[in-house]
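So the structure is just underneath, and the comments pick up after that.
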Amino acid sequence: QKEVEQNSGPLSVPEGAIASLNCTYSDRGSQSFFWYRQYSGKSPELIMSIYSNGDKEDGRFTAQLNKASQYVSLLIRDSQPSDSATYLCAVKGYNQGGKLIFGQGTELSVKP
Amino acid sequence: ETGVTQSPTHLIKTRGQQVTLRCSSQSGHNTVSWYQQALGQGPQFIFQYYREEENGRGNFPPRFSGLQFPNYSSELNVNALELDDSALYLCASSAFQGTAKNIQYFGAGTRLSVL
């Protein structure tokens, strides 16, 4: 079992729709959860961080965390073609120092 | 722009050679982490440096080594390059807060090709 799992996609949604990206993790002691966006050929850019169960909203983005189910998701409302990128879920475990464990990423394509 | 700079942007080496990649951290950050990202994969943690000491290492062989300098900039050295070392190498800086919440900001990366 991979430590952090994401559907690789591609996930295709029409412009204006809600895109839902999912991530599961295996370490129950994980404390911090991050979503990064990576455009092709570029470096990861932080979108959201979440540390407590529940929802966290920032503009069109909402991160949801359920530690009991070991599940974290990212919702993108009113998706735009500029949101087309690979979205990386990253998890920091307990007593893991600074190590971020990434999923393989989900490729999102927003069609005009 | 994250304020994290990496050099060079691209590098071509042959198998068996050695390479040094450089990273300057964002102002106010004292911690640097290095990641390797193969094509189509998520980044994999190589190691982290905090105040010039290694502060955690991933599953990479000893031919991957690093340094952090007093100004918090860092180097990644890879000896005896192998074809599988071809990847995007990412440096991330953060302000070590002793908690799980310190956020890592990535540089643009160095793309290494080993022929």
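The values are calculated or read from the model by the stated rules, or taken from the named source; none is laboratory data. Just so you know, these numbers come straight off a predicted model, no measurement behind them. Backbone-built Cβ (ideal geometry, glycine too); neighbour counts: all protein chains shown.
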For B:SER94, the lone unmet condition from (1) at the interface with chain A (Cβ under 9 Å from one of its Cβ atoms); (2) within 29 Å of A:ILE50 (Cβ to Cβ); (3) under 12 Å from the mean Cα position of the chain (by Cα) is (3)
For region A:49-62, what are the residues that are basic (Lys, Arg) and either assigned to a loop (DSSP other than H, G, I, E, B) or at pLDDT below 95 (or both)? A:ARG60
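Rundown of residues vs (1) more than 8 Å from every other protein chain (Cβ to nearest Cβ); (2) on the phi > 0 side of the Ramachandran plot; (3) modelled with pLDDT of 90 or more, yes/no style:
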site	(1), (2), (3)
A:GLU3	yes, no, yes
A:LEU11	yes, no, yes
A:ILE18	yes, no, yes
A:ASP83	yes, no, yes
A:ASN95	yes, yes, no
A:GLY105	no, yes, yes
All but one of (1) at the interface with chain B (Cβ under 10 Å from one of its Cβ atoms); (2) crowded, with 21+ Cβ neighbours inside 10 Å; (3) assigned to a loop (DSSP other than H, G, I, E, B) hold for A:SER79; which doesn't? (1)
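Quick check on region A:48-64. Is at least one of its residues among the small types (Gly, Ala, Ser), over 11 Å from the mean Cα position of the chain (by Cα) and within 9 Å of chain B (Cβ to nearest Cβ)? Spell out the reasoning first.
Let us first name the residues in region A:48-64 that are among the small types (Gly, Ala, Ser), namely A:49, A:52, A:54, A:59, A:63.
Retained after the next criterion (residues that are over 11 Å from the mean Cα position of the chain (by Cα)): A:52, A:54, A:59.
Filter once more, keeping what is within 9 Å of chain B (Cβ to nearest Cβ): none.
There is no residue in region A:48-64 that is among the small types (Gly, Ala, Ser), over 11 Å from the mean Cα position of the chain (by Cα) and within 9 Å of chain B (Cβ to nearest Cβ).
Take the conditions under 13 Å from the mean Cα position of the chain (by Cα) and assigned to a loop (DSSP other than H, G, I, E, B) and apply them to A:GLN104. Does it pass? Working first, answer last.
On the way: under 13 Å from the mean Cα position of the chain (by Cα): yes; assigned to a loop (DSSP other than H, G, I, E, B): yes.
It is true that A:GLN104 is under 13 Å from the mean Cα position of the chain (by Cα) and assigned to a loop (DSSP other than H, G, I, E, B).
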Can you name the number of the only condition in (1) over 26 Å from B:ALA38 (Cα atoms); (2) touching a strand residue (DSSP E or B) at 6+ places or on another chain (Cβ under 7 Å); (3) not small (Gly, Ala, Ser) that A:PRO44 fails? (1)
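For region A:41-54, check the following and say yes or no: at least one residue is of a type in the set (Asp, Glu) and free of Cβ contacts under 8 Å to residues at least 24 places away in the same chain. Working first, answer last.
Kept after step one, since they are of a type in the set (Asp, Glu), are these residues of region A:41-54: A:45.
Keeping just the survivors that are free of Cβ contacts under 8 Å to residues at least 24 places away in the same chain gives A:45.
So far as region A:41-54 goes, yes, one or more of its residues are of a type in the set (Asp, Glu) and free of Cβ contacts under 8 Å to residues at least 24 places away in the same chain.
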For strands (runs of 3 or more DSSP E) lying entirely in region B:1-82, having 1 or more residues that are touching a Phe, Trp or Tyr at 6+ places or on another chain (Cβ under 8 Å) and away from chain A (no Cβ under 12 Å) picks out B:19-24, B:64-68, B:74-78
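Test of understanding: among A:LEU65, A:LEU46, A:LEU21, which residue is part of a strand (DSSP E or B) and either within 18 Å of A:LYS99 (Cβ to Cβ) or of a type in the set (Phe, Trp, Tyr) (or both)? Break it down stepwise before answering.
Details: A:LEU65 fails: either within 18 Å of A:LYS99 (Cβ to Cβ) or of a type in the set (Phe, Trp, Tyr) (or both); A:LEU21 fails: either within 18 Å of A:LYS99 (Cβ to Cβ) or of a type in the set (Phe, Trp, Tyr) (or both).
Of A:LEU65, A:LEU46, A:LEU21, the one residue that is part of a strand (DSSP E or B) and either within 18 Å of A:LYS99 (Cβ to Cβ) or of a type in the set (Phe, Trp, Tyr) (or both) is A:LEU46.
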